[in-house]
1. Nearest 0.05, what FRET efficiency do Ile158 and Arg209 give at R0 = 22 Å with Cβ-Cβ as r?
2. What number comes out for the charge environment of Ser147, summing +1 per Lys or Arg and -1 per Asp or Glu over other residues with Cβ under 13 Å away?
3. Carbon and sulfur: what percent of segment 49-167's accessible surface (1.4 Å probe)?
4. Full extension from Val70 to Asp180: what is 0.36 nm times the residue separation minus their Cα-Cα distance, to one decimal in nm?
5. Accessible area per residue of segment 79-210 at 1.4 Å probe, in Å²?
6. Taking the alpha-carbon centroid of each part, what is the distance from segment 182-210 to segment 87-154 in angstrom?
7. Using a ≥ b ≥ c from the Cα gyration tensor of segment 110-181 (square roots of the eigenvalues), is it rounded, prolate or oblate, where a/c under 1.5 gives rounded and otherwise the larger of a/b and b/c decides, a/b for prolate?
8. As a test of understanding, state the convex hull volume per residue of segment 64-210 from its alpha carbons, in Å³.
Amino acid sequence: MIIAAIIMYFVSQEMESIFGESPSSSPLGSSPPLQPVPPQQPVQPTSALGEAQPGLTHVDSSGQAKMVDVSPKQDSERVAVASCRVLLGQKAFNLVASNQIAKGDVLTVAKITGITGAKQTSHLIPLCHNINLSHVRVDLTLNEEDSSVVIEGEATTIGKTGVEMEAMTAVAIAGLTVYDMCKAASKDISITDICLQHKSGGKSGDWSRN
């Protein structure tokens with residue numbers, strides 16, 4: 001036992017001279033207890049200026065689709081303007097311009113259908129709110145430069161949520177109506193550039209496409 005103790009003493013001195021500290025009293029040494037790692041918080045996407053960007057409002061914390069609860073919001077006037085373009089081709093364009101399409105007055109029928117479509121938005125898109133619209137405008141203009149119909153739609157309400165989807169639904173349904181009434185004259189018709197042009201009201205304020 002004495003010899004073993006002497007050997008351990010010299011080993012301890014040797015290690016202290018090498019590492020600058022004496023070894024642990026345990027033959028295998030010991031390490032400090034591991035500290036628990038705190039759970040990571042989800043990282044919010046940030047803009048170039050470092051500001052947090054809004055997430056998807058129609059998805060809950062478990063990733064399931066949900067309808068947004070707008071009851072805490074204040075009523076305000078909300079307006080949205082959207083547009084789209086229907087490329088007819090020269091033949092169909094000439095027939096529309098001269099009101100010679102067999103199904104009738106394309107621009108008038110599409111205008112009424114677009115207004116009707118705006119009022120049916122919540123039935124077509126299930127997570128949209130059933131909004132009490134105070135005004136819907138749909139205008140269709142013939143453009144000779146590219147043989148197209150330019151459609152602009154505007155929706156207005158006083159309520160707790162915006163009318164962007166109503167405005168875009170109006171122009172999309174009007175565009176589909178133009179296609180339906182002209183498809184016998186040409187199958188090469190395309191509906192393009194459905195987009196929001198302007199919105200106002202609500203927490204996010206005003207926005208316009210550059």
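1. 0.40
2. Spelling it out: positives minus negatives among the neighbours equals -2.
3. On the way: 3640 of 6910 Å².
For segment 49-167, the apolar C and S fraction of the accessible surface comes to 53 percent.
4. Stretched fully, the Val70-Asp180 segment lengthens by 36.0 nm.
5. It amounts to 51 Å² per residue over segment 79-210.
6. 11
7. Prolate, since a/c reaches 1.5 and a/b exceeds b/c.
8. 119
The values are calculated or read from the model by the stated rules, or taken from the named source; none is laboratory data. All values reported here derive from a predicted model rather than from experimental measurement. Ideal geometry is used to build each Cβ from the backbone, glycine not excepted, and the neighbour counts take in all protein chains shown. For accessibility, only protein heavy atoms count, side chains too; no ligands or nucleic acids. Shrake-Rupley method; radii C 1.70, N 1.55, O 1.52, S 1.80 Å.
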